[in-house]
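Notes follow the structure.
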């Protein structure tokens, strides 16, 4: 059985988008449902992953009869009248009474016969879906579309008193969560509200006269008015029974007007109602609302006031995303989505894959993982089997971060432990052995990976020399480039080949691979001697003291990366700062042309990887630490 895939959701906008490249579908008034099927088994789940197969049992035989081995389909389950209008209230009544004809309006195909189709353009996915459904006369309905101007279809939909339309980019892949490549334009106003209470009716046989509503706003639940129409006898009875179970003595919100609260009965804020209304008052209350039914597929904590986004803004965002996507490599990896929305990528469970880690660059966990998968062939030789330290930012760049060098409980199995002697005794340090380790680092919120200058099989034998040229604020990058080349020339005179890496910040690393055979003391002494020699010969340019007060107008030659336990940023690691920039190995020729130390960011590796390796023969060199 294929795993549940969290559905793609549309952004509410004020008008249909202009220009070509969009498909336009009818907006249905029902329950969003993702169906997974394989080997005669079927699972139908709500947009939040609730298994409602039993409630929609009438659809199961038709899904079982589809001509495929397995599939994951996306659509809306609804009940339509003779004119083709879908009605959420009618769907509620059908589910309660067992009467009424359910239809599953299918508009997307996510997997088919073991193949993940989500990366394909929507137009291709829909064509495959259309062929799969065929001329099915039963409850499975292919949701067709038109590609004409959206304004024409929207006007026609509203004239026919339909819910509205959905505009979708024809060339876009499928992405779980709220996106701007799917836009919804409503003919009227309706949304979900939390039911917080009710007012008694003075009419015989009617248990209440109106419902009290609320929405989440600014992190708290806020009163949003009353609705007193839209109830049938059956709905009144069901609501009254639900209210009895959830009764409470006080209001769950603090802003219900006194004259309303005085005659109200309150309930726990757990029920979600679909309400149709004409607009909002200046006080933020619903105007002329009508009850359509209770929703069981969305928790009350997620109910907020929907705000229309200007269509032009949404379209600009889609265009920017598409342009960005073209720059990004699209590595193929093994992935599966679980019922809770987590994804398993190359065997590593990743929770909240759509969480944004770099807000200014809109880079999600999934996209950062894609970066590491893309660069793995070049990055892994630098990091595998080396002790590592981590900069973890669980809430993303710009939020609280912390540095971690010791192993702790709760880390994914892709991290390995190695005991290393310290003054206070042995402590477990972390290291990784494969691409799963890179993916696991993203899962635990790592935005920077720093490596020791040795391997775990013999931590007392350093094998990597690194100088970090860290400029004073405001110093031109040209001065840093020149300083790095000067160090290259000095090392070359001593018989060492070295390589340049821009750090993704403002500095440059000069790195020399070494054969093992010398101690940490010798390693550090050599590095310190080189740094102090540069300071001594050109004190107006260089300083070997890390104090920022002594760095004014000069470049700090940081040799301290070469002492036992110190680390340096790993090639191709991101930096925990704005821009999602990457520490990037470059050739000496390329360095001479760079305007800064952050020329590449996550999503921009495709061009980098197509070029020649900027560090040829790095891993083939066999060079010993010189004796000064």
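Run the numbers on the range 8-187 and let me know its relative contact order in percent, using alpha-carbon pairs under 8 Å that are six or more apart.
34 percent
Among 175, 282, 262, what is the fewest-to-most ranking by other Cβ atoms within 10 Å?
Going from sparsest to densest Cβ surroundings: 282, 262, 175.
Going by alpha carbons, how many degrees (0 to 90, nearest 10) lie between the helix axis of 520-537 and the longest principal axis of the chain?
80 degrees
I'd like the distance between the alpha-carbon centres of the range 534-580 and the range 83-110, rounded to an integer number of Å.
Centre-to-centre (Cα) distance: 65 Å.
Rounded to whole Å, give me the distance from the Cα center of the range 603-626 to that of the range 218-293.
Comparing the Cα centres of the range 603-626 and the range 218-293, I get a distance of 64 Å.
Given 25 °C and 0.890 mPa s, compute D for the range 67-184 with the Stokes-Einstein relation, Rh being the Kirkwood radius over Cα pairs; round to the nearest whole µm²/s. Walk me through the numbers on the way to the answer.
Values: Rh = 15.8 Å.
It comes out at roughly 155 µm²/s.
How big is the Cα convex hull of the chain in projection, averaged over all directions, in nm²?
Projected over every direction and averaged, the Cα hull of the chain covers 34.9 nm².
Sequence gap at least 6, Cα distance under 8 Å: using those rules, report the relative contact order of the range 190-296 to the nearest whole percent.
Details: 212 pairs, mean separation 34.4, N = 107.
The normalised contact order for the range 190-296 reaches 32 percent.
Where does each of 534, 546 land when they are ranked from fewest to most other beta-carbon atoms within 10 angstrom?
Numbers: 534 23, 546 13.
Ascending number of Cβ neighbours within 10 Å: 546, 534.
Give the peptides 506-514, 451-459, 47-55 in descending order of average Cβ contacts within 10 Å, highest first.
Details: 506-514: 22.0, 451-459: 19.2, 47-55: 15.2.
Highest mean packing first, the order is 506-514, 451-459, 47-55.
Arranged by the count of other C-beta atoms within 10 angstrom, fewest first, what order do 520, 182 take?
Least crowded to most crowded, the residues run 520, 182.
On a 0 to 90 degree scale, rounded to 10, what angle separates helix 311-327 from the longest Cα axis of the chain?
Compared with the principal axis, the helix lies near 40 degrees.
On a 0 to 90° scale, report how tilted helix 365-383 is relative to the longest principal axis of the chain, with both axes built from alpha carbons and the result rounded to the nearest 10.
20 degrees
Would you work out the relative contact order for the chain, in percent, from Cα pairs under 8 angstrom that are 6 or more residues apart? Don't skip to the end; give the middle numbers.
Values: 1346 pairs, mean separation 67.3, N = 628.
Taking the mean separation of contacting Cα pairs over the length of the chain, I get 11 percent.
Quick one: if the Förster radius is 45 Å, what FRET efficiency do residue 404 and residue 47 give, using the C-beta to C-beta distance and rounding to 0.05?
Working: r = 36 Å, r/R0 = 0.80.
Given R0 = 45 Å and the Cβ-Cβ separation, E is 0.80.
Quickly work out the residue 127-to-residue 424 label distance, labels modelled 7 Å from Cα along the C-beta direction, and quote it in nm with one decimal.
That separation, rounded to one decimal, is 6.4 nm.
For residue 547, project a label point 7 Å along Cα to C-beta. Then give me every residue of the range 495-528 with its amide nitrogen under 20 Å of that point.
Within reach of a label on residue 547: 528.
Can you give the helix-only mean residue ellipticity at 222 nm for the chain, where every DSSP H stretch with n ≥ 4 adds -39500 (n - 2.57) and the sum goes over all residues, rounded to the nearest 500 deg cm²/dmol?
-7000 deg cm²/dmol
Pulled fully out, how much extra length does the chain show between residue 444 and residue 149, if you take 0.36 nm times their separation in residues and subtract their Cα-Cα distance?
101.7 nm
Taking 0.36 nm per intervening residue step and subtracting the Cα-Cα distance, what contour gain separates residue 335 from residue 217 on full extension? Don't skip to the answer; put the middle values down first.
Numbers: separation 118, 0.36 × 118 = 42.48 nm, distance 3.57 nm.
Extending this stretch completely gives an extra 38.9 nm.
Mind jotting down a quarter of the surface of the convex hull over the alpha carbons of the range 464-610, in square nanometres, one decimal? All intermediate terms of the calculation are to be shown ahead of the outcome.
Numbers: hull surface 37.0 nm².
Approximately 9.2 nm², given one-decimal rounding.
None of the figures in this text is laboratory data; all of them are computed from the coordinates on show. Note that the structure is a prediction, hence the values are computed from the model and not measured. Every residue, glycine as well, gets a Cβ built from its backbone with ideal geometry; the counts of neighbours run over all protein chains shown.
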